[in-house]
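Take a look at the structure below.
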Amino acid sequence: MSFGDPNNPYGQPPQGQPGYGQPQGQPGYGYPQQAPQGVPPQQGYGYPAAPPVSPYGGYPQGPAKMPGLMTAARVIMFILSGLQILIAIIAGIALGAASSASDSDAAGALAGLGFAVVVLLLVIAGLGIFLAVKFSTGGTAIRVLTIIYASLMILGAIGNFTSGQATGAVGGVISLALGGVILASMVGPQASAWFNRPRF
């Protein structure tokens with residue numbers, strides 16, 4: 001029995017309609033429907049959904065633990081600050097003893113300059129301790145201040161090289177290495193992820 005047969009009780013199917021066994025509005029035989037041009041593909045059309053991109057360097061909520069280089073820089077800053085405080089105390093005691101033993105104006109002016117250096121050492125040591133403590137809770141401002149701290153330390157090391165003394169050169173090498181470690185720990189993507197992580 002053909003569709004053209006007038007005795008066919010079903011009649012001829014209307015033109016432009018899908019044939020038998022094909023659902024309305026769907027292309028036939030297992031081929032997925034093409035997305036219209038200019039429309040991005042959606043999940044469910046054979047394209048897997050891309051995972052969400054994290055702004056914290058691969059950590060969904062930011063790193064849970066401080067990066068290793070930053071931990072090393074923090075320990076260095078604590079040790080340096082402790083040494084600076086110790087040197088400042090010893091220098092202050094020596095300057096006090098020297099100024100009390102001498103009554104000359106030149107000795108008094110020299111002692112005053114020495115005490116200013118002692119105070120400067122204590123301020124730098126206090127700043128180093130403050131920054132190292134704030135590594136665990138601080139934000140971008142702590143990172144920027146630590147970069148400045150390390151840069152000044154490197155400049156001081158370069159100044160020791162130009163002093164022309166052997167002890168100054170040795171101190172310059174040590175200061176340059178330690179300042180470089182601190183600076184390197186602050187400029188990498190891990191430091192950015194750590195200091196920009198959300199805090200609840």
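Residue-by-condition table, conditions (1) of a type outside the set (Val, Ile, Thr); (2) over 25 Å from the mean Cα position of the chain (by Cα); (3) assigned to a loop (DSSP other than H, G, I, E, B); (4) at pLDDT 80 or above:
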site	(1), (2), (3), (4)
Pro52	yes, no, yes, no
Tyr59	yes, no, yes, no
Gly62	yes, no, yes, no
Met66	yes, no, yes, yes
Leu69	yes, no, no, yes
Met77	yes, no, no, yes
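Got a sec? Which helices (runs of 4 or more DSSP H) wholly within region 111-200 have at least 1 residues that are within 18 Å of Ile85 (Cβ to Cβ)? If you could, list the steps in order and put the result at the bottom.
Numbers: elements: 140-161, 166-187, 189-195.
Those helices (runs of 4 or more DSSP H) span 140-161, 166-187.
Scan Ser151, Ser185, Ser163 and give me the residue that is modelled with pLDDT of 85 or more and open to solvent by 20 Å² or more (accessible area, probe 1.4 Å). Walk me through how you get there before you give the answer.
Numbers: Ser185 fails: open to solvent by 20 Å² or more (accessible area, probe 1.4 Å); Ser163 fails: modelled with pLDDT of 85 or more.
The match here is Ser151.
Which one is farthest from Pro67 (Cα to Cα), of the residues in region 108-148 that are open to solvent by less than 20 Å² (accessible area, probe 1.4 Å) and of a type outside the set (Val, Ile, Thr)?
Only one residue tops the list, namely Ala111.
Within the set of pairs 6+ apart or on separate chains, which have a first residue in region 172-192 that is without any contact (Cβ under 8 Å) to a residue 60 or more places away in the chain and under 15 Å from Ile158 (Cα atoms), a second that is loosely packed, with under 14 Cβ neighbours inside 10 Å and of a type in the set (Ser, Thr, Tyr), and C-beta atoms under 9 Å apart?
Gly172/Thr162; Gly172/Ser163
The values are calculated or read from the model by the stated rules, or taken from the named source; none is laboratory data. A quick note: this is a predicted structure, and the numbers were derived from the prediction, not measured. All Cβ positions, glycine included, derive from the backbone under ideal geometry; neighbour counts span all protein chains shown. These accessible areas exclude ligands, DNA and RNA; they are computed on the full protein's heavy atoms, side chains included. Shrake-Rupley method; radii C 1.70, N 1.55, O 1.52, S 1.80 Å.
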